[in-house]
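The values are calculated or read from the model by the stated rules, or taken from the named source; none is laboratory data. All values reported here derive from a predicted model rather than from experimental measurement. Backbone-built Cβ (ideal geometry, glycine too); neighbour counts: all protein chains shown.
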C-alpha cells in the first residue's frame with residue numbers, strides 16, 4: 001500500500017526579484033495563496049524490462065490542478081509547495097527522515113513578456129531500476145514553442161521540517177507548511193564523495209544525463225533508494241526563460257531474470273556447468289530445476305554421445321531419463337527458449353564411473369562380552385578404495401579398514417559401513433548384530449559399606465553389557481532379594497551381610513559373583529523427648545525437656561534460638577515468642593546417631609482483669625477505675641463506661657488510663673451506682689477480645 005497524498009496542497013505565490021529580494025519575505029508575505037484539492041490518483045506500473053522481473057514497488061501519481069491569473073510584472077513569480085519528510089531508507093542524502101522537499105517553478109519577467117509555456121517532461125520516471133543492469137531512460141521534455149532545452153542533474157530542494165506538534169506543524173520548519181514558504185530554498189546534503197548533485201546514484205559506468213537529449217544512462221550497482229533532481233532550462237535566443245525542476249526518488253532493486261536454467265547435480269562449476277556423477281549405473285534420471293517456468297516457452301536437452309547428439313524436447317521430457325553406453329565422460333546442454341533474447345543455457349557434464357559395493361563381516365564371543373572384530377569385504381571397479389567410515393550403532397565410529405569395537409550395551413545393533421573410492425563414488429551397507437553376551441566381569445558399587453540401622457544402600461550394577469532383557473538376581477544376605485539392575489535396599493537389623501549377584505542373558509549365558517561380608521550395619525539409638533508446659537507462653541517461657549530416647553550415651557540439643565545443651569534432660573527459657581524447631585541428636589555406643597525434631601510455639605499472652613468497684617474520694621486509695629494485667633503486644637485497645645441511662649461517661653484507648661468518677665474525667669462528678677464497662681483489644685496474633693463488666697462507684 002502506498003502512502004496517502006494530502007487532501008489539499010497549500011500553495012503560495014511569491015513575487016520578488018530586483019528591488020524586492022526574495023530573502024526579505026516571510027511566510028505571511030505571499031502575493032497570493034491557494035489551497036488546491038487532490039485530483040486524480042493513478043498507480044504507476046513497473047517498467048517492462050526484457051528478460052528481467054522487477055520487484056513490486058508501490059508508486060502513485062497524484063495531481064493537484066488549478067488555474068491562476070497573474071498580472072505581468074518586472075519581478076519573478078515563484079509558485080511553491082512544501083512537504084516533509086522523505087523516506088528514512090534513502091541512501092544518498094544525509095538525515096533523509098528529517099529532510100523535506102520543495103516543489104517550485106519560477107516564472108521570470110522574460111517568460112511573462114512573451115507569455116511563455118514551460119516545457120513538460122514526456123515520461124514518468126521508472127518506478128524500479130534494476131541493480132547491475134544498464135539503464136537507458138529518456139527523461140526529455142517537450143516545449144510548445146520549440147525553445148532550446150538543456151538538461152542536468154541538479155540538487156533537490158529542502159522544505160519544511162520534522163516538527164509534528166499542532167503549533168509548529170504549519171510553520172516553515174513543520175511537516176506541512178501552510179502555505180509554502182518563500183525562496184530562496186536550501187538544498188539537500190549528499191553523502192559525499194560517493195554521491196553528489198551531479199552524480200546522485202553512482203554506478204559503473206556512472207549514471208549521467210545527456211544535456212542535449214535528456215537521456216539518462218549508466219549502470220547502478222548498489223540497491224537502495226536515491227533522491228535525484230533533474231532540471232531542464234529553457235532558452236530562446238540565448239535568453240533563459242524558465243527552469244523546470246523535477247525531484248524524484250529512484251528505487252534500485254535486484255531484478256530476477258525471467259528464466260534460469262538449472263539441473264539437479266552433484267557439483268556446480270562457475271554457476272553454469274552442472275556435474276552429475278553416477279557410480280555403476282549407466283541410466284541417469286535428470287531433474288530439471290529451471291525457473292521461472294511460466295516464462296519458459298520451449299526447452300531442449302542435448303547430449304553428446306560419441307559422434308551422435310541426442311535431442312529431447314516436449315513436456316514429457318522436462319525430467320528425462322537417459323541411458324549412456326558405459327563408463328566414461330559425457331557432455332550436454334539444457335537450453336531454455338532457444339533462439340530468443342530471454343533464454344538461458346545450462347552446461348551438463350556426466351561422469352559414469354565403475355561400480356562400488358560395500359560389504360563386511362564380523363566375529364565375537366556370543367556368550368562372554370569382549371571386542372567385536374569387523375572385516376571389510378568391499379569392492380570397487382576403480383583403482384582402489386580410499387576411505388572407510390564405520391558407524392557402530394551406539395555412537396561409536398572408526399575410519400580404519402578393519403576395526404574392532406567394545407559395546408557397553410546389548411541389543412539388536414545396526415552397524416553401517418560407508419566406503420569411498422578414487423572416483424569419490426560412495427556406497428554403504430548396514431548389518432544388524434545380535435549382541436547379548438554376559439559381562440566378562442561383574443562389578444558393583446559400593447565395594448564395601450559400613451553404616452547404621454536403618455541402612456539404605458543403592459547397589460549400582462556397573463557390569464556391561466546388560467539391560468532390562470537380562471535376568472538379574474540379587475541376594476542381600478538377610479533373606480531379601482531383587483530383580484532390578486541397580487536396586488535400592490534397606491537393612492533394618494544390625495549385622496554383617498554377604499551379597500551375591502547372578503546375571504543370565506536372553507540367549508541363556510550365565511555368570512555370577514559372591515561379595516563376602518560386603519555390608520556391615522551397626523545398631524542405632526532412637527531419639528525421643530517430651531516437654532512441659534504443653535503450651536508455653538511469654539508469661540511462662542521456661543520449658544523442661546525430658547529425655548525419652550533409647551540406647552543413647554550422648555545428647556545434643558538445639559533449642560531453635562541459637563542456644564544448645566548437652567544434658568540428657570535440660571531446662572531452657574525462651575527470650576522471645578515464636579515457633580521454634582527443637583532438635584535432639586542422640587548417639588549410640590556404636591557411634592550411630594538418631595535425630596528428632598519437635599516444634600514448640602512460645603505464644604505471646606495477654607492477661608487483663610477488671611475490678612468491680614472503686615472509691616474516688618481523694619484519699620489516694622482506689623481512687624480510679626481501670627483494668628489490671630499484662631498487656632504487652634495488645635493493640636486497638638478501647639474501654640468505655642456507660643451509666644444506666646445509656647450515656648457514655650468515660651472512654652479511653654490507653655489501658656493505663658483510669659476513670660476518676662467524673663464525666664470524661666473533667667466534667668461533673670458521677671453519682672454513686674453501678675456502671676457498665678465494655679473493653680476490647682486485639683491480641684498479638686490478631687484475635688479480637690471483648691470483655692463486659694460492671695464498675696461500682698462508692699462514695
message: Scan the range 578-586 and tell me whether some residue there is outside the structural domain of residue 452 (by TED's automatic domain parsing), in a strand (DSSP E or B), at positive phi and in contact (Cβ under 8 Å) with a residue 24 or more places away in the chain.
response: yes
field: Which listed residue is loosely packed, with under 14 Cβ neighbours inside 10 Å, outside the structural domain of residue 540 (by TED's automatic domain parsing) and not in a strand (DSSP E or B), from 633, 629, 646
entry: 646
task: State the number of residues belonging to the range 174-216 that are over 40 Å from the mean Cα position of the chain (by Cα) and under 29 Å from residue 79 (Cβ atoms).
output: 22
query: How many residues are in contact (Cβ under 8 Å) with a residue 24 or more places away in the chain, assigned to a strand (DSSP E or B) and farther than 20 Å from residue 44 by Cβ when one looks only at the range 216-268?
result: 17
- request: Would you check if residue 454 is in contact with a strand residue (DSSP E or B) (Cβ under 7 Å, 6 or more places away or on another chain), over 19 Å from residue 409 (Cα atoms) and not assigned by TED's automatic domain parsing to the domain that holds residue 412?
  value: yes
message: If I go through the range 465-482 residue by residue, how many of them are under 22 Å from residue 405 (Cα atoms) and within 44 Å of the chain's Cα centre (by Cα)?
response: 3
query: All but one of (1) closer than 30 Å to residue 547 by Cα; (2) at pLDDT 95 or above hold for residue 605; which doesn't?
result: (2)
query: Within the range 590-607, is even one residue under 30 Å from residue 673 (Cβ atoms) and surrounded by fewer than 15 Cβ atoms within 10 Å (Cβ to Cβ)?
result: yes
task: Please work out if residue 163 is closer than 14 Å to residue 94 by Cα and assigned by TED's automatic domain parsing to the domain that holds residue 34.
output: no
message: Please pick out the residue among 507, 485 that is more than 18 Å from residue 449 (Cα to Cα), part of a loop (DSSP other than H, G, I, E, B), touching a strand residue (DSSP E or B) at 6+ places or on another chain (Cβ under 6 Å) and in contact (Cβ under 8 Å) with a residue 12 or more places away in the chain.
response: 485
message: Can you tell me which residue is nearest to the chain's Cα centre (by Cα) among those in the range 115-134 that are part of a strand (DSSP E or B) and within 17 Å of residue 231 (Cα to Cα)?
response: 121
- prompt: When the range 546-569 is examined, which residues are found to be within 16 Å of residue 594 (Cβ to Cβ) and not in a loop (DSSP other than H, G, I, E, B)?
  reply: 547, 550, 554, 555, 556, 557, 558
query: Of the residues that make up the range 521-544, is at least one part of a strand (DSSP E or B), closer than 30 Å to residue 455 by Cβ and within 56 Å of the chain's Cα centre (by Cα)?
result: yes
